[in-house]
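Shown next, in structure tokens, is the structure this report addresses.
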Amino acid sequence: MSWIEIIVLAIVQGLTEFIPISSTAHLRIVPALFGWKDPGAAFSAVLQIGTLVAVLWYFWRDVLRILAAMIVDLRRGKLATTQDAKLGWMIAAGTLPIVICGLLFKDHIETTLRSLYVMSAALAGVALLLAIAEWVIARRRASGIMGRELDQARWRDAIVVGFAQAAALVPGTSRSGATILGGLCSGMTREAAARFSFLLSIPAILAAGMFQLIDSRSELLASGSDTLKLLVALVVTAVVGYATIPWLLGFLRHRTMFVFIVYRLLLAGLLLFLLATGRLS
């Protein structure tokens with residue numbers, strides 16, 4: 001890929017990884033619109049390491065606190081002795097579904113599921129589910145039920161959000177969109193669901209990124225120039241992603257996801273139109 005492609009795709013990844021509009025779909029759609037080659041699932045997964053750096057950069061205090069609490073649990077031979085330790089073990093449990101599904105359906109994820117038709121269907125489908133979730137939230141608030149915060153998360157929440165994250169292996173679904181949707185369906189507030197989504201992404205992105213980097217190293221790191229381009233892409237992704245996290249948390253604290261729902265539906269419609277008219281293949 002050229003330097004222009006690398007920089008553009010890195011910015012796209014940093015912007016769309018945390019916003020519930022699907023980074024994987026945008027990394028497939030943007031090159032198609034510009035007439036570039038599909039960067040491939042391996043590049044998309046490795047590029048997510050940049051957003052992993054952004055999450056660790058932004059939540060480093062929370063991550064260190066959670067890891068310390070989990071280590072104390074292991075030394076005591078007990079689980080979930082504190083709220084931080086409980087959150088850590090819930091993140092571990094919620095990561096299992098995506099690891100299992102990712103290994104079982106790896107070939108489909110990298111090939112047939114990267115179809116633009118699949119992505120358009122996933123974009124529209126999750127948009128409708130988010131709209132239903134927002135309607136349910138409005139009904140709950142009308143009844144005086146405001147939703148649970150992150151420190152009130154339950155094991156059932158971790159399992160629901162974990163399976164929602166596994167569903168995001170289908171390009172176009174959006175990992176953040178699916179996990180936030182899972183948190184909302186479990187009764188969390190929007191901000192709590194987003195925070196849990198960010199923390200839950202850490203082991204999943206690390207595992208997927210490192211696996212693809214090792215598995216596709218001969219392709220991704222074929223030369224010194226390719227290695228440099230990938231490093232620059234990771235840095236750009238991390239910086240843009242770091243700036244996106246506080247914006248999204250602040251946005252969800254006071255607003256609904258209506259704008260993201262409309263965007264997903266419009267993008268899905270545009271994709272189908274371009275495919276139907278032969279402008280995209």
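Couple of notes before you dig in:
- Under 25 Å from the Cα of K78 - lysines, other chains or at least 8 residues apart: K86
- Reach of K229 by Cα under 27 Å, taken over lysines that are not fewer than 8 positions away in the same chain: K37, K106
- Inter-part distance where the range 97-162 and the range 1-74 are each reduced to a Cα centre, Å: 18 Å
- Estimated purely from DSSP H runs of n ≥ 4, each contributing -39500 (n - 2.57), the mean residue ellipticity at 222 nm for the chain is -26500 deg cm²/dmol once divided by its residues.
- FRET efficiency, 1/(1 + (r/R0)^6) with R0 25 Å, evaluated for I214 and E149 via beta carbons: 0.10
- Between L206 and L266, the contour length at 0.36 nm per residue exceeds the Cα-Cα span by 18.5 nm.
- For the range 93-196: rounded, prolate or oblate by the Cα gyration tensor [a/c cutoff 1.5]: oblate
- The range 125-196, accessible area per residue, ligands and nucleic acids excluded (1.4 Å, Å²): 42 Å²
- Label corresponding to Kirkwood radius over Cα pairs in Å when calculated from the structure given, among (1) 20.5; (2) 19.2; (3) 19.9: (2)
- Using a simple spin-label model with pseudo-atoms 7 Å out from Cα toward Cβ, K37 and Y117 lie 2.5 nm apart.
- Rolling a 1.4 Å probe over the protein heavy atoms of the range 35-109, with every protein chain left in place, gives an accessible area that is 67 percent carbon and sulfur.
- With at most 16 neighbouring Cβ atoms within 10 Å, loop chymotrypsin sites (Phe, Trp or Tyr not before Pro) (DSSP) excluded, longest segment of the chain: 106-281
- Sparsely packed GluC sites (Glu not before Pro) within the range 84-181, loop by DSSP, other Cβ within 10 Å at most 15: E149
- Backbone HN-Hα couplings from phi across the range 163-171 [Karplus 6.51/-1.76/1.60, Hz, Gly and Pro as x]: 5, 5, 5, 5, 5, 6, 5, 6, x
- Gyration tensor (alpha-carbon) shape descriptor, the range 33-161, a/c threshold 1.5: oblate
The values are calculated or read from the model by the stated rules, or taken from the named source; none is laboratory data. This structure is a prediction, so every number in the text was calculated from the model and none was measured. No Cβ is skipped: glycine too gets one built from the backbone with ideal geometry, and neighbour counts run over all protein chains shown. The accessibility values were calculated without ligands, DNA or RNA, using every heavy atom of the protein model including side chains. Shrake-Rupley method; radii C 1.70, N 1.55, O 1.52, S 1.80 Å.
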